[in-house]
């Protein structure tokens, strides 16, 4: 039931943002702005957060409302996967984050792996596209998010070592873990089923991109 209300609030905010973009009527603009405030109040009530925090969550967006894009990269060594530890919650995830404007998602994923894990990765292949709302990621987001998962290869000339990892602004650890013995995962970002699906793709058991 709670997910239904999150969906309603997301849709209301999208309609308000799009309406503010295209209306040329002052009175309609005020109504769309009020609709946006109501959507933020709904998010605040659902999350138990102050409405000011919800207001600050959103990027200053204009134009037609569209989902945000999160990119994640999976690098495997046999039955082990590279994970990084998020400083925000102390749990582990596939390296990744928001896609950057003017950067293709494949190279963006390679960059995220380098920035968060200190590994040089190559050859990104899109393996999985999830609509975050349709899966069991922890904490519902006010934004509608698509998650793009890429399987990548470790650069052969520069093999990663966890002992050489350097703490950064987002992660304070990086290492390989057996896919059947994973550490506590940062479930707002990565689910166990994501890792197993991506490993099957890397092994060739799944040969096509799966998309919601």
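The values are calculated or read from the model by the stated rules, or taken from the named source; none is laboratory data. Bear in mind the structure is a predicted one, so any value in this text is a computation, not a measurement. Here the Cβ positions follow ideal geometry from the backbone for every residue, glycine too, while neighbour counts run over all protein chains shown.
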Positions within the range 21-37 being in contact with a helix residue (DSSP H, G or I) (Cβ under 7 Å, 6 or more places away or on another chain) and under 25 Å from residue 140 (Cα atoms), in sequence order: 32, 33, 35, 36
Give me a count of the residues in the range 115-131 that are loosely packed, with under 14 Cβ neighbours inside 10 Å and under 30 Å from residue 5 (Cβ atoms). 1
Which pairs do you get when a residue that is in contact (Cβ under 8 Å) with a residue 40 or more places away in the chain, found in the range 189-202, comes within reach of a residue that is assigned to a loop (DSSP other than H, G, I, E, B) and surrounded by fewer than 20 Cβ atoms within 10 Å (Cβ to Cβ), reach meaning Cβ atoms under 6 angstrom, with the pair 6+ apart or on two chains? 195/179; 199/179
Quick one: how many residues across the range 74-88 are loosely packed, with under 15 Cβ neighbours inside 10 Å and either within 16 Å of the chain's Cα centre (by Cα) or over 21 Å from residue 199 (Cβ atoms) (or both)? 2
Please go through the range 132-146 and give me each residue that is surrounded by 12 or more Cβ atoms within 10 Å (Cβ to Cβ) and either within 19 Å of residue 85 (Cα to Cα) or outside the structural domain of residue 114 (by TED's automatic domain parsing) (or both), ordered by number. 137, 138
Residues of the range 157-207 being more than 22 Å from the chain's Cα centre (by Cα) and crowded, with 17+ Cβ neighbours inside 10 Å, which ones? 160, 165
Need a quick list: strands (runs of 3 or more DSSP E) entirely within the range 83-169 having at least 2 residues that are farther than 23 Å from residue 65 by Cα and in contact with a strand residue (DSSP E or B) (Cβ under 6 Å, 6 or more places away or on another chain). 121-131, 145-154
Residues of the range 90-113 being surrounded by fewer than 15 Cβ atoms within 10 Å (Cβ to Cβ) and modelled with pLDDT of 95 or more, which ones? 90, 107
Return a yes/no flag: does the range 45-68 have any residue that is over 28 Å from residue 6 (Cα atoms) and under 17 Å from the mean Cα position of the chain (by Cα). no
Assess whether residue 8 counts as being under 26 Å from the mean Cα position of the chain (by Cα) and at pLDDT 80 or above. yes
